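For reference, the structure discussed in these notes is given below.
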Amino acid sequence: MKDTGDSKDQQLTVALRIRPISVAELEEGATLIAHRVDEQVVVLMDPMEDPDDILRANRSREKSYIFDVALDFAATQEVVYRATTKGLIEGVISGYNATVFAYGPTGCGKTYTMLGTDLEPGIYVRTLNDLFRAIEETSDDMEYEVSMSYLEIYNEMIRDLLNPALGYLDLREDSKGIIQVAGITEVSTINAKEVMQLLTKGNKQRTQEPTAANLTSSRSHAVLQVTVRQKSRVRNVLQEIRLGRLFMIDLAGSERASQTQNRGQRMKEGAHINRSLLALGNCINALSDRAGAKYVNYRDSKLTRLLKDSLGGNSRTVMIAHISPASTAFEESRSTLTYADRAK
Ligand code: ADP
Ligand code: MG
């Protein structure tokens, strides 16, 4: 990540991941049009055949986009984790909050990046592993307690993915002003293998989670919430002194939101558009000061209310935007790249 000395840049990191082209795309006759040029730059080629058509559409054949981190098919899960999330762990243990979210159209690799597979686990498991390890290695007199919850926000309703039978859950502020999901299952310290099993099972409970064979648009956000409580022993009583929170979020597909999305402008909310995704976009825009809009309205959606203390302020935010490299995905890739572009 380039250090520009701008505090806004350190608060928000934007990564772009291009997944490998798929067999289905190759069978459709797709060609490769998105390329990583260097650590920060990605180029997208307009697949339109006729140069006059491109001119008429007021486009250039190639456009480059800048990110804090650019990753392509060659980037392993470990490389993606190190480049985006690993650096947040120390802060979370020290009581700071952070949010990592996977953004992009359905089928472009969000769930692969966050959850991954048994053989290639993603950011969830790698983060929890390192978090447990870091706490074991911390040699101070403090006691740490790690707990996690896994939930879904769908149609502005919250469901516990570890126990869907609980029905819809509410957001509440506790006596310390910390946002809690009332009644949600909290699992404490378990090993990495169990984490993967638990989350894979939880993921199957998601509403409309598309399979590779059936790419219906996914409109649910999956949120893994990890809480680290730091306690010190005072007069034989454990007293909580710090609380650090890390949210890792597999967002709903951006394909619908991007249709109305306009760079540098506050996004307009349509009845059919995912409210949480839009509200998050507006918060991120405000954080990156792209629109000159400093006012962040967290109350606009369930997702942003949940993230209220973990976006902005002392918190760090990492956005990992995802695209397909295929010519058939050009329009979606272009809007995703435009949305996530770090160039000012
Ligand atoms: P999304 O969650 O954004 O809808 P998925 O993560 O389900 O997309 O990815 C769609 C398909 O592409 C899945 O079969 C997934 O395994 C595969 N895939 C995505 N990213 C990668 C990658 N970097 N390497 C290999 N396969 C990938
Ligand atoms: Mg998915």
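The values are calculated or read from the model by the stated rules, or taken from the named source; none is laboratory data. Everything numeric in this text was worked out from a predicted model, so none of it was measured. Here the Cβ positions follow ideal geometry from the backbone for every residue, glycine too, while neighbour counts run over all protein chains shown. Ligands, DNA and RNA are excluded from the accessible area calculation, which covers all protein heavy atoms including side chains. Shrake-Rupley method; radii C 1.70, N 1.55, O 1.52, S 1.80 Å.
Apply the a/c threshold of 1.5 to the C-alpha gyration tensor of the stretch 5-89 and tell me whether it is rounded, prolate or oblate. Because a/c hits 1.5 or more and a/b fails to exceed b/c, the stretch 5-89 counts as oblate. Just 138, 207, 185 to compare: in a GNM of the chain, with alpha carbon springs under 10 Å, which one fluctuates most? Sorting by GNM fluctuation, first place goes to 138. Per-residue 3J(HN,Hα) values for the stretch 107-124, derived from phi via the Karplus relation 6.51 cos²θ - 1.76 cosθ + 1.60 with θ = phi - 60°, read x, 9, x, 4, 5, 4, 5, 7, 8, x, 10, 4, 7, 10, x, x, 5, 3 Hz in sequence order (x marks Gly and Pro). Rolling a 1.4 Å probe over the protein heavy atoms gives the chain an accessible area of 48 Å² per residue.
Once the convex hull of the alpha carbons of the stretch 108-215 is built, what does its volume come to per residue, in cubic angstrom? Each step should come with its number before you reach the end.
On the way: hull volume 14.6 nm³, N = 108.
Expressed per residue, the convex hull around the Cα atoms of the stretch 108-215 is 135 Å³.
The stretch 40-90 and the stretch 114-134 have Cα centres lying 25 Å from one another.
Please give the net charge around residue 76, taking every other residue with its beta carbon less than 12 angstrom from that of residue 76, where Lys and Arg add +1 and Asp and Glu add -1.
On the way: positive: 17, 82, 126; negative: 72, 78, 120.
Combined, the nearby Lys, Arg, Asp and Glu give 0.
With unit charges on the beta carbon (Lys/Arg positive, Asp/Glu negative), name the residue among 200, 314, 58 whose Cα is farthest towards the positive pole of the charge dipole of the chain. With unit charges placed on the Cβ atoms, the residue in question is 314. Volume per residue for the stretch 1-152 equals 166 cubic angstrom (convex hull of Cα atoms). When you restrict to C-alpha pairs under 8 Å that are six or more residues apart and normalise by the size of the stretch 17-70, the relative contact order lands at 34 percent.
Using a probe of 1.4 angstrom, how much of the accessible area of the chain is carbon and sulfur, in percent?
Details: 7930 of 16470 Å².
Using a 1.4 Å probe with all protein chains present, the chain comes out at 48 percent carbon and sulfur.
With coordinates expressed along the principal axes, the C-alpha atoms belonging to the chain extend over 79, 42, 40 Å, beginning with the largest.
Counting lysine pairs in the stretch 7-340 whose alpha carbons fall under 20 angstrom apart, excluding pairs fewer than 8 residues apart on the same chain, gives 15. Net charge of the neighbourhood of residue 172, taken over other residues with C-beta under 15 Å away and scored Lys/Arg +1, Asp/Glu -1, is -1.
Ranked by solvent-accessible area (1.4 Å probe, protein heavy atoms only, all chains present), the residues 113, 106 order from largest to smallest as 106, 113. Descending by average beta-carbon neighbour count within 10 Å, the peptides 197-203, 125-131 line up as 125-131, 197-203, the highest first. Just to be sure I understand: of the beta bridges DSSP finds with both ends in the stretch 7-340, what percent are antiparallel, rounded to 5? DSSP beta bridges in the stretch 7-340 are roughly 70 percent antiparallel.
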